[in-house]
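Only the coordinates and a few stated rules stand behind these numbers; no lab work does. Being a predicted model, the structure only gives us computed values, none of them experimental. Note: ideal-geometry Cβ built from the backbone for every residue, glycine included; neighbour counts use all protein chains shown.
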Amino acid sequence: MRQPLVIANWKLNGDVSLLHEMAAQMRATQASRTASIVICPPAVFVPAAKDIFSATAVKIGAQNCAAQAEGAFTGEISGHMLQEAGAEYVLIGHSERRALFAEDNKALAEKVRLAQLAGLYPVFCVGETLEQREANDVQAVIRSQLNEGLVHADFSRLVIAYEPVWAIGTGKTASPEQAQEVHAMIRAWVAEVAPEVAQKIQILYGGSVKAENAETLFSQPDIDGGLIGGASLVPSQFDAICQAAKG
Ligand code: PGA
């Protein structure tokens, strides 16, 4: 049985007062929750988040890390630095990083490797665009993202998130059947490359998950929880999504 996992991706949003509000909400409902929870605020808030959530079971993650370990890379933050600051997880390959910051699978593979070397759990994100879905390319696109981005990965310390690009921030969510089909395909891929972890690895769904659709998505056999953007900025909504992820 896989432990359900729900991850908040705050993107370029939030502040210390939202961390306090979220922590109060999560503390109040902790006893009725079975899922593991990770909050990924902007990197500068990782130390504050670690401190503010210390009395809860909530873990802290970052949204990105450098593709280099150290050196003359102005503005970058390494996996090791994030780990020292209090992060345990890091999102890698979110579609916004791929599309807006031109991150390719080769750089992402290096990020995964360095994040794991630093002791972090990478949450490796994959997903197709609407154009690719309409051209029936979903399987080929996802398999090449997995093959290239996870070439150096240790599968025993990894989470995969399926986020169809057309569902992120759009209010359009994949149907539970559409999502399940891709999740099963991802798990079958893991079974090819790392058979011993295929039934253990957590595969999360992301893209317009809300309190209203979370339960049917999370009840699919290969969906182990969610990666939540917009709805993770409202503590009561995020909490309701977390409650929908049952073990
Ligand atoms: P959304 O974002 O929940 O706002 O669609 C999900 C994500 O980008 O991780």
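Report, ordered by the first and then the second residue, all pairs with beta carbons closer than 6 Å, sequence separation of six or more or different chains, a first member in segment 40-69 that is without any contact (Cβ under 8 Å) to a residue 40 or more places away in the chain, and a second member that is β-branched (Val, Ile, Thr) and surrounded by fewer than 21 Cβ atoms within 10 Å (Cβ to Cβ).
ALA48/VAL16
Would you confirm whether any residue within segment 212-223 is within 11 Å of the ligand (Cβ to nearest atom) and hydrophobic (A, V, I, L, M, F, W, C)?
The initial filter retains those residues of segment 212-223 that are within 11 Å of the ligand (Cβ to nearest atom), namely 213-214.
Still in the running and hydrophobic (A, V, I, L, M, F, W, C): 214.
So far as segment 212-223 goes, yes, one or more of its residues are within 11 Å of the ligand (Cβ to nearest atom) and hydrophobic (A, V, I, L, M, F, W, C).
Test each condition in (1) touching a helix residue (DSSP H, G or I) at 6+ places or on another chain (Cβ under 9 Å); (2) not in a helix (DSSP H, G or I) for ALA24 and report the one that comes out false.
Unmet condition: (2).
Among the residues of segment 95-114, is there at least one that is closer than 17 Å to PHE45 by Cα and within 16 Å of the ligand (Cβ to nearest atom)? Lay out the reasoning, then the answer.
Pass one, segment 95-114, residues closer than 17 Å to PHE45 by Cα: none.
No, segment 95-114 has no match at all.
Does GLU181 qualify as being exposed (fewer than 15 other Cβ atoms within 10 Å of the Cβ) and either hydrophobic (A, V, I, L, M, F, W, C) or out of contact with any Phe, Trp or Tyr (no Cβ under 6 Å at 6 or more places or on another chain) (or both)? Spell out the reasoning first.
Working: exposed (fewer than 15 other Cβ atoms within 10 Å of the Cβ): no; either hydrophobic (A, V, I, L, M, F, W, C) or out of contact with any Phe, Trp or Tyr (no Cβ under 6 Å at 6 or more places or on another chain) (or both): yes.
It is false that GLU181 is exposed (fewer than 15 other Cβ atoms within 10 Å of the Cβ) and either hydrophobic (A, V, I, L, M, F, W, C) or out of contact with any Phe, Trp or Tyr (no Cβ under 6 Å at 6 or more places or on another chain) (or both).
Return the only residue of ALA102, ALA184 being more than 21 Å from VAL6 (Cα to Cα) and more than 15 Å from the chain's Cα centre (by Cα). Show your work before the answer.
Details: ALA184 fails: more than 21 Å from VAL6 (Cα to Cα).
ALA102 is the lone residue from the list that is more than 21 Å from VAL6 (Cα to Cα) and more than 15 Å from the chain's Cα centre (by Cα).
Mind listing just one residue for me: the one in segment 1-28 that is of a type in the set (S, T, N, Q) and surrounded by 13 or more Cβ atoms within 10 Å (Cβ to Cβ) and, of those, farthest from the chain's Cα centre (by Cα)? First the steps, then the outcome.
Our first condition is that a residue be of a type in the set (S, T, N, Q); within segment 1-28, this holds for 3, 9, 13, 17, 25.
Checking the rest, the ones that are also surrounded by 13 or more Cβ atoms within 10 Å (Cβ to Cβ) come to 3, 9, 13, 25.
Values: GLN3: 15, ASN9: 7, ASN13: 16, GLN25: 21 Å.
Checking each candidate, the answer is GLN25.
Tally time: how many residues in segment 132-142 are surrounded by 13 or more Cβ atoms within 10 Å (Cβ to Cβ) and either more than 18 Å from the chain's Cα centre (by Cα) or more than 16 Å from MET185 (Cα to Cα) (or both)?
Going residue by residue through segment 132-142, those that are surrounded by 13 or more Cβ atoms within 10 Å (Cβ to Cβ) are 132-133, 137-139, 141-142.
Those still in the list that are either more than 18 Å from the chain's Cα centre (by Cα) or more than 16 Å from MET185 (Cα to Cα) (or both) too: 132-133, 137-139, 141.
Counting residues in segment 132-142 that are surrounded by 13 or more Cβ atoms within 10 Å (Cβ to Cβ) and either more than 18 Å from the chain's Cα centre (by Cα) or more than 16 Å from MET185 (Cα to Cα) (or both) gives 6.
Taking the condition of being closer than 18 Å to PRO235 by Cβ and not in a loop (DSSP other than H, G, I, E, B), how many residues in segment 52-77 meet it?
4
Condition check: within 16 Å of the ligand (Cβ to nearest atom), more than 22 Å from ALA231 (Cβ to Cβ) and under 18 Å from the mean Cα position of the chain (by Cα). Does PRO122 satisfy that? Spell out the reasoning first.
Numbers: within 16 Å of the ligand (Cβ to nearest atom): yes; more than 22 Å from ALA231 (Cβ to Cβ): yes; under 18 Å from the mean Cα position of the chain (by Cα): yes.
In short, yes.
Across segment 129-178, what is the number of residues that are within 13 Å of the ligand (Cβ to nearest atom) and small (Gly, Ala, Ser)?
So the count comes out to 5.
Only residues in segment 216-238 that are farther than 17 Å from ALA179 by Cα and without any contact (Cβ under 8 Å) to a residue 24 or more places away in the chain count as the first member; pair them with residues that are in a loop (DSSP other than H, G, I, E, B) and within 10 Å of the ligand (Cβ to nearest atom), Cβ under 9 angstrom, at least 6 apart or cross-chain, and list the lot.
Going by the 9 Å Cβ cut-off, the qualifying pairs are ALA231/SER208; ALA231/VAL209; ALA231/LYS210.
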